[in-house]
Each structure stands twice: as C-alpha cells, then as structure tokens.
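Below: the structure, in structure tokens.
The values are calculated or read from the model by the stated rules, or taken from the named source; none is laboratory data. No experiment lies behind these values; they were computed from the predicted model shown. Here Cβ is always computed from backbone atoms with ideal geometry, including for glycine, and neighbour counts include all displayed protein chains.
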Amino acid sequence: MKIQKHIAFLLLIFLCANVFAQHNTIIDKIVIDPGHGGDKPGAIGSKSKEKDITLAVALKLGKLIKQNLNGVDVLFTRTDDRDIELYKRSQKANKNNADLFISIHCNSSTNKDSKGFETFAMGFAKTAQNIAVAKKENADILSEANYQKNYEGFDPNAPENNVLFSLYQTAYMESSLKFADMVQKEFAHNTTMQNRGVKQANFVVLFQSAMPSVLIEIGFISNKQEEAYLLSDKGQYEIAASILRAICKYKNMKEGTDTPIPALKTIIPDSVYNKKEETTKDTIKIDSTDNEKPIYRIQILSDPDKIALDDSRFKDCDSLWCYQQQGIWKYTSGAFFDRNQAWEYQRQLKEKGFGDAFVVVFYKGKRISFEEANKLNTK
Ligand SMILES: [Zn+2]
C-alpha cells in the first residue's frame, strides 16, 4: 500500500515537473539552506561548529547574489543560529516556487587527513562513503518529533534502503547534476582545495523539494588546515563566489543567454585580501581594557562583512566595539561593569531602533556566559 502510494505520487510529480519544466526556464528564485543550526551543530571541528560555518558562507552567498544578479530573489531557510526541521526547509522552497535549492554543509571524518569538496544530488548512492555522508547529514531528524510521519517512512539510519526515495528527485536529476558539476568546476578553479567530484546519495533535506537541488560539502571541518580556511573570510568568500559563478553559468544554460560571468576579483571585496592587519589591530586595542572584570556590552548588529564604525547606522551609539565570531562581524555599543546598567542601556538602544539589541558579556576579550560572569563577579 505504502509503495503504491509512493509510486502514484512520484508519477504525478514527474508528469507535473515535465510539463512545468518546459515553461519555467527563468531562474529568479534561489533558496539557500545553511546546514544544521540551534541545538543541532552538525560536525564539530577543533575550533568551530559546522552550523556556524554554513551560516556564514550562506549569508555571504546571499549577499553576492544580490550584488551580482539583478532580479534574482534569495530566500534563506535560516539566517541565524536556530534549528529548522529538515522537511520545513524543502517545504519553504516548494511553497515559494523556487528554481534552485542549495544546501550548504561541511564534511568530517575520523581520518584527519581527509580533505576536499564534493557536491551531491539526490540519487542512489554507489559507494559506502557516499552513504556515510548521507547518514551523517540525515541524522538530525532522529531528534525531531514525528520524523517517521514527516519523512514518509524514510529510514535515516540506512539511507541505502530508501531506494524509492531516490526517485523523488528524478525529474530534476539532470539539472541537479549539471549544476553540481558547475559548482565542482568553479571550486576547483577558484580554490586550492581538492576536487572530490559530483556524487549522489539519499538526503532527507533534498528528497521532498520540487526543483533542482544540491547539497554541497564545502570542505572538511575535521582537517585542521581546511577548517582554518573554512573559518577565514578569504575562504568563505572564495567558496561563496565559486557558487555564485556556478549559478550564473546555470542561469545562462537554463535561460539560453550568454551573460558574462563576473570575475572572482570583481565579486570578492578588496578588503577581504587587505584588511587582516587593520581589523585585528582595532579589536585588540579595545580588548586590552577588558582585564579586571567581566564587561557587559549590548550587541546591536551582525553582518558577514566588516562595517566601518563611523557608519551612519551607528550614529546614536556610544562606545562602539566589534568582534568576529565564526566569520561573522558582531557590533556592540556600551561597556558596563554593572549588568543592571547594561540592561538599562539595552532598553534605550531598543527605543533608538535597535529592536534586536541584547546584552552580551566578555572577559579578557572573550565572550563568556552570564553564569561565568556572575562567578567572576562574586570571587
Ligand atoms: Zn551537515
């Protein structure tokens, strides 16, 4: 019964997609899905968590698309550190009739030497290695309530058993593989990382989406060198720019156009390659005052790019300070030893238009929890 239901459904979407595909050649809506989030960190590196890197790269990619591709809408499945159930991610893409779904992830391995990037489309996995990647990425649903129902019986523990599910994306497979190939070629051309190729496996986050969809493993968080690259502004921009160029090529192919593909150096801001010295300098300068006691500050803004502290947005803010966390710049105003004063200033900032302002606390330049701050204050 269940199998018949699946087949009927698949036939239906296959027919619809074929009819639809002939008329829908304009690529003007792209969904970017930063893997994991919230209490589901994904793979853990020595200095970072997958969920933070995928978010930083996704935000950069969104920004680059807006800057370089007029008329293309970008939707994110998440723009901050929260957990979104996997079926809701493809659901969002379907509801919005997106033309392309890009899920961004980091690989990991017990072999610390494993390295490189690979792009997956939905489909039958041919190797144990591909199955292992899918199993890891699908594991998040095991802690979701009702996962059996929401994923129509998909077995996340044995992705190789889900043969029927690999048919779900059949109608889009050719396009997905084509795009995956473009992504791999761009990565190979624009980064010094190893090209692990285009692959297929059954991914929960892909199978329910009704459009060409890929999952990109942008590198190994378990490899020290690669993790450092994934955490750097340069690395994140080179990866985002590579995906952007692949999108441009894919758009040309689908739309039958010949629009020039922007060069890497026009896509990536100059400051990414020049700013290292300048940014560490002003961060450290202010950190050096943070020695004796925890300092409460009010976080008002975060952005994948560095914003000048004399930016007009900050004109009503006192004691500006910024720090970088997992590739994202965070801006704070105010500095207090007394947390009640900090909360009062937070209230004032909210009135000035910083609705999302919240108190954060630092000790010797490092962000700490309120609990740790309380302990230090009662010492
Ligand atoms: Zn992942």
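For first residues located in segment 137-157 and closer than 18 Å to Asp33 by Cβ and in a loop (DSSP other than H, G, I, E, B), partners that are at pLDDT 90 or above and not aliphatic (A, V, I, L, M) and lie 6+ apart or on another chain with Cβ distances below 6 Å form the pairs Glu144/Glu85; Pro156/Asn138. Taking segment 66-83 as the range and being β-branched (Val, Ile, Thr) and surrounded by fewer than 20 Cβ atoms within 10 Å (Cβ to Cβ) as the test, the residues that pass are Val72, Val74, Thr79. Checked against (1) polar (S, T, N, Q); (2) without any contact (Cβ under 8 Å) to a residue 60 or more places away in the chain; (3) more than 16 Å from the ligand (Cβ to nearest atom), Thr77 passes all but condition (3). The residues listed here are Lys63, Lys47; of these, the one that is at pLDDT below 95 and either β-branched (Val, Ile, Thr) or over 19 Å from Val205 (Cα atoms) (or both) is Lys47. Within segment 29-64, restricting attention to residues that are surrounded by fewer than 23 Cβ atoms within 10 Å (Cβ to Cβ) and among the basic types (Lys, Arg), the residue that is nearest to Lys234 (Cα to Cα) is Lys63.
Taken across segment 192-206, residues that are surrounded by fewer than 23 Cβ atoms within 10 Å (Cβ to Cβ) and assigned to a helix (DSSP H, G or I) do not occur at all. When the residues of segment 135-168 are filtered to those that are farther than 13 Å from Leu86 by Cα and within 16 Å of the ligand (Cβ to nearest atom), the one that is modelled with the lowest pLDDT is Pro159. With respect to the conditions (1) surrounded by 20 or more Cβ atoms within 10 Å (Cβ to Cβ); (2) within 21 Å of Gly235 (Cβ to Cβ); (3) more than 16 Å from the ligand (Cβ to nearest atom); (4) among the hydrophobic types (A, V, I, L, M, F, W, C), Phe179 lacks only one, and its number is (2). A Cβ distance below 8 Å, combined with a sequence gap of six or more or placement on separate chains, defines the contacts here; from segment 258-269, residues that are modelled with pLDDT under 95 reach residues that are in a loop (DSSP other than H, G, I, E, B) in the pairs Pro269/Asp305.
Just one of the numbered conditions (1) under 16 Å from Ala240 (Cα atoms); (2) out of contact with any strand residue (DSSP E or B) (no Cβ under 8 Å at 6 or more places or on another chain) is not true of Lys88; which one? With respect to (1) under 16 Å from Ala240 (Cα atoms); (2) out of contact with any strand residue (DSSP E or B) (no Cβ under 8 Å at 6 or more places or on another chain), Lys88 is out only on (1). Counting only strands (runs of 3 or more DSSP E) that fall entirely inside segment 286-346 and contain at least 2 residues that are touching an Asp or Glu at 6+ places or on another chain (Cβ under 7 Å), the qualifying elements are 328-336.
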